[in-house]
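Every number here is computed from the coordinates shown, using simple stated rules; none is lab data. Quick caveat: nothing in here was measured; it's all calculated off a predicted structure. Backbone-built Cβ (ideal geometry, glycine too); neighbour counts: all protein chains shown.
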Amino acid sequence: MSSIRQPSRLELTRLTSIAERLSGLWQHLAAHEVLSEILTGNAFIKNPALVSSFGADSAVLLHMVSRLDTSAQIVFLDTGFHFSETLSYRDRLTEVFGLTNVRTASVDPIAVKRLDAQRRLHLSAPDSCCQLRKVSVLDRHLRMNDAWISGQRRHQASTRSSVSIVEVDEARGKLKLNPLADWSQSDVAAYKARYELPDHPLTTNGYFSIGCAPCTSAVRAGEDARAGRWRGQSKLECGLHNRPNIIASSEHVA
Ligand code: SF4
C-alpha cells in the first residue's frame, strides 16, 4: 500500500549523526528560533515541509512559519473524511496568514477504490484505514523532502511523552523536526492569545484534538485533549509518527 523506499543503514547513521549535532546546537533556542534555523538556510535541511492537520492547535506553528517565510511548504493530508469546519479553517488560516504554498495531498483514488470503496474501512480496520488515507499519502508526498516539521508536543498524550525537537524518522529516512516539543497547553494558549489567532470552529464544541470526522468526538471535562480520538478503541495514534529514533534534547527552551 505504501510507496516508501526503505532507507539504508548508512543513510540512517548519517541522519542520526546530523540529528545529534542539531540537537546540541539548538538545545537552548526558543521554538521560533528553531523554526528559523529550519526554514532559512540550515546546511542539513534543504527542503523541509510542515505537515499540518489544521486542527485545534495548528495555528501556532502556522503563524510562526508565516512570520518567517510565507512561501514555506505546508502539507495538508486530505483523507476524504475531514470535518467541513477543518477545510474552511484551512482556507481561512491560509488567507489570514498569507501562506502561498499550502499543498493538499490527497489519497490515491485507485487505492481507495480497491481497498475502501464503501468508505467503511475505518469501522472494521482503522489502522489499515489510516495507512491508506494518511500514512501512505504522506510517504508519497515526502519523497522530495529532506525533512518534515510536525506540531507534536510531549504534553499532548502519553504516546508523545518522548517527543524531541530533532528526531530521525527511520521509516521514511528523513529528519523530523518538532519545534514545539517542549510546549505545554498553557504555552499554546498564551501564544494564541498574544497574537489573537483564529480558533478552529469546533473547539467551542469541546473538540480539542481534531482528526477525521468518523474518528473524532468532543472531549469531556477532565479528559485529556486526545481522548476524543478513536473513542472506545485501543488505537491512540494514526501511524504518521511511528517508531522514530529519538534524539533527546530535554533541556530545550520553549
Ligand atoms: S482517522 Fe479514522 S477515518 Fe481517518 S484515516 Fe484514520 S481510521 Fe480512517
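One residue is enough: does region 66-74 have a residue meeting the conditions within 23 Å of Arg133 (Cα to Cα), under 17 Å from the mean Cα position of the chain (by Cα) and in contact (Cβ under 8 Å) with a residue 40 or more places away in the chain? Yes, that holds for at least one residue. The helices (runs of 4 or more DSSP H) found wholly in region 99-218 and carrying at least 2 residues that are within 16 Å of the ligand (Cβ to nearest atom) and either of a type outside the set (Ser, Thr, Tyr) or buried (at least 17 other Cβ atoms within 10 Å of the Cβ) (or both) occupy 109-115, 121-124, 126-130, 136-141. Whenever a residue of region 91-113 is within 17 Å of Val51 (Cα to Cα), its partners that are of a type in the set (D, E, K, R) and not in a strand (DSSP E or B), lying with C-beta atoms within less than 6 angstrom and at least six residues away or across chains, give the pairs Val107/Arg133.
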